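Structure, as structure tokens:
FYI, it's all coordinate maths here, none of it is from the lab. These figures come from a predicted structure and were not determined experimentally. In this analysis, Cβ positions are derived from the backbone assuming ideal geometry, glycine residues included, and neighbour counts consider all displayed protein chains.
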Amino acid sequence: MRRLFFSLCLLPFATVAQAEPVHGIAMHGEPALSADYTHFPYVKPDVKKGGKVNYGVVGTFDALNPFVLKGMRTTARGVWDPEFGNLLYEPLMTRSADEPFTLYGLLAETVEWDADRTYVQFNLNPKARWHDGKPVTPEDVIFTFELLRDKGRPPFNGRLSAVEKMEKVGEHGVKFTFNDKANRETPLIFASSTPILPKHAINPETFDQGGLDIPVGSGPYKIKELRPGEKVTWARDPDYWGKDLPSKIGFDNYDEISVTYFLQEATLFEAFKKGEIDIYPEGDANHWQRAYDFPAAQNGDVIKESFKPGLPSGMLGFVFNTRRPIFGDVKVREAISTAFDFEWLNKTLYGNAFTRTQSYWQNSALGAYGNAADEKELALLGPAKDKLSPEILAGTYTQSATDGSGGDRKALGKAVKLFGEAGYKIQGGKMVDASGKPLAFEVMTQNEGQEKMALAFQRTLKLIGIDMAIRTVDDAQYQARSNSFDYDMIIKSYTSSLSPGAEQVNRWGSESKDAQGSFNYAGVADPDIDRVMEALLQARDPADFQAAVRAYDRLLVAGHYVVPLYHIGEQWVARWKHIGRPDANPLYGYQRPTWFDARVQ
């Protein structure tokens with residue numbers, strides 16, 4: 001009955017879409033904003049544009065193309081950048097940060113589709129222009145998808161695998177007819193997660209070679225200055241074609257945006273303290289509590305703020321590379337996870353500021369933690385439920401806890417027992433397998449913060465005879481080794497939304513396991529995960545969707561692919577007071593592209 005009700009709710013929307021184009025599309029249900037909306041609810045619509053902002057990041061850059069492997073993690077910030085804004089390239093439609101997954105018109109003025117989402121047609125805005133004044137055309141859209149298929153990196157190169165036919169319709173329309181590889185999220189991914197590139201300004205033969213030639217985009221900014229590896233400066237285009245669109249009102253408020261690169265986080269923070277950087281997002285609880293005693297923070301020139309988004313916890317943790325034989329056994333992964341002393345880490349390094357993460361969608365109705373599997377979920381899991389513990393099925397499973405002493409014998413004894421079940425034993429002070437080979441591996445870290453966490457883990461594992469080496473590498477080496485999965489263990493963060501979808505395939509799907517540049521850092525290839533993921537992607541009814549995400553969450557937790565760390569539940573950010581922001585805070589938390597220079601207001 002619920003499925004029938006949901007389908008009936010969609011029918012007026014689908015029928016209208018077949019008769020005439022609509023202004024927006026939602027993953028489930030209909031857009032919250034009507035066709036006559038004037039702006040998103042979380043912007044300051046009457047903001048006066050002008051001034052500048054100085055951002056800072058750790059790393060380097062040597063490319064302007066984030067869509068190929070060579071420039072995947074070394075492209076200058078802002079080119080295609082949800083955090084700072086898509087300054088150069090734009091998608092067909094843009095996402096509202098105040099709804100789980102709803103898109104509104106950008107390059108595409110309107111959209112058409114059927115109830116079963118077997119096709120989608122994007123009707124381009126006739127006003128859309130590239131920086132050189134040429135119109136954005138259906139030919140550009142078709143060129144983009146074909147170019148990314150042939151030359152792009154994951155996930156861009158796989159988009160057309162779900163398309164049976166791509167065709168131009170009329171003067172401004174592009175229609176995608178899908179095959180059986182598509183799911184209900186596919187039209188939204190096409191609309192929001194694919195940049196549209198100019199056919200007339202790109203040479204397909206050299207597209208995948210990287211480089212720093214200034215590209216032609218359609219976005220609100222142009223590159224003003226490049227200092228490779230050091231700084232990129234963006235200038236707002238006063239002739240930007242989309243500045244009056246409802247989906248762009250209140251965005252792109254600075255005349256100039258600069259992004260300065262630093263080799264270390266500590267150096268970046270010192271630059272922020274001096275006023276050389278305007279905004280500093282904080283992720284370290286101790287630092288947040290103790291580091292803001294400098295004069296500007298004490299006299300009010302620097303403002304500290306905490307935001308509470310309505311998002312799931314996500315997952316931060318030590319990730320096992322299961323491509324390595326030593327981590328192929330789930331019992332070994334569980335034993336290592338059990339030995340991790342989170343309580344000691346939290347107390348010693350972070351002043352007990354953090355909460356241990358138990359689920360990939362904790363703090364939301366989508367998460368398995370705290371929610372028992374119902375009949376719908378059990379039916380979806382099928383035989384896979386037999387490999388889940390009763391606690392995981394009941395939603396009561398928690399990560400192993402310690403007394404916080406740094407050497408809890410009970411917790412370590414539990415870990416040793418699990419190692420025994422996996423064929424390991426302690427011999428001569430070393431944890432060895434049946435052949436006598438010691439258990440040893442290396443964790444690759446990126447910065448001092450990660451190194452501190454790894455040292456705490458190393459200290460505990462040593463107590464039961466495990467040799468965990470730590471290798472901190474520079475940014476370029478870190479990115480190259482991440483892309484090629486050249487590590488035993490790595491620390492990664494997986495963000496979670498209220499509308500998980502196709503991005504999960506790139507993180508946990510079998511097809512992404514061996515795709516260099518994918519985010520399947522753990523090397524997962526599990527048919528049960530693939531099957532439940534597909535149910536998640538195909539769900540129409542909200543109850544079916546929730547059941548699928550919870551089942552998926554249980555399988556990920558049961559696989560022990562990650563040693564979970566912590567989540568904050570808040571977003572911390574400090575800013576100099578001349579940077580203003582709208583009063584409203586949307587579902588997804590603060591949005592820097594809506595902030596502004598208060599000195600020009």
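Compared with the rule-of-thumb size 2.2 N^0.38 Å for a compact globular protein, the stretch 475-554 has a Cα radius of gyration ratio of 1.20. Taken about its Cα centre, the stretch 315-567 carries a charge dipole of about 740 debye when Lys and Arg each add +1 at the Cβ and Asp and Glu each add -1 at the Cβ. The relative contact order of the chain comes to 21 percent, based on Cα pairs under 8 Å that sit 6 or more residues apart.
Neighbour counts of other Cβ atoms within 10 Å put Met533, Met444 in the fewest-to-most order Met444, Met533. Across the stretch 262-338, the relative contact order, built from alpha-carbon pairs under 8 Å that are at least six residues apart, equals 11 percent.
Could you work out how much longer the chain between Ala422 and His578 gets when fully extended? Use 0.36 nm per residue separation minus the Cα distance between them, nm to one decimal.
50.3 nm is the gain from fully extending Ala422 to His578.
Calculated FRET efficiency, Thr355 to Gln601, Cβ-Cβ distance, R0 = 41 Å: about 0.60 to the nearest 0.05.
Distance between Cα centroids, the stretch 472-508 to the stretch 201-243: provide it in whole Å. Going from one Cα centre to the other spans 26 Å. In percent, rounded to a whole number, the relative contact order of the stretch 315-567 is 34, using alpha-carbon pairs under 8 Å and six or more apart.
Using the Cα gyration tensor of the stretch 315-567, with a ≥ b ≥ c the square roots of its eigenvalues, what is the shape: rounded (a/c below 1.5), prolate (a/b larger than b/c) or oblate (neither)? Here the stretch 315-567 falls in the prolate category. Within the stretch 514-601, the trypsin sites (Lys or Arg not before Pro) that combine a DSSP coil assignment with at most 14 other C-beta atoms in a 10 angstrom radius are Lys577.
Give the residue from Ala548, Thr94, Tyr42 lying farthest towards the positive end of the charge dipole for the chain; charges sit on Cβ (+1 for Lys and Arg, -1 for Asp and Glu) and the dipole is referred to the Cα centre. Of the candidates, Ala548 comes out farthest on the positive side.
Placing +1 on each Lys and Arg Cβ and -1 on each Asp and Glu Cβ, with no other charges, gives the stretch 484-601 a dipole about its Cα centre of roughly 680 debye. About its Cα centre, the dipole of the chain is roughly 1120 debye, where the only charges are +1 on Lys and Arg Cβ and -1 on Asp and Glu Cβ. Label positions at Gln477 and Arg149, each projected 7 Å from the Cα along the C-beta direction, are separated by 4.0 nm. Maximal additional length on extending the Lys168-Ala372 stretch stands at 68.6 nm, based on 0.36 nm per residue less the C-alpha distance.
Rg over Rh for the chain works out to 0.96, both radii taken from alpha-carbon positions and Rh defined as the Kirkwood radius.
Pick out, from Tyr119, Ile279, Gln289, the residue whose Cα sits farthest towards the positive end of the charge dipole of the chain, with +1 on the Cβ of Lys and Arg and -1 on the Cβ of Asp and Glu. Selected residue: Gln289. Treating r as the C-beta distance of Arg540 and Asn299 and R0 as 51 Å, the FRET efficiency rounds to 0.40.
Paramagnetic label reach from Ala32 (point 7 Å along Cα→Cβ; backbone nitrogen cut-off under 17 Å): within the stretch 86-116, residues 94-105.
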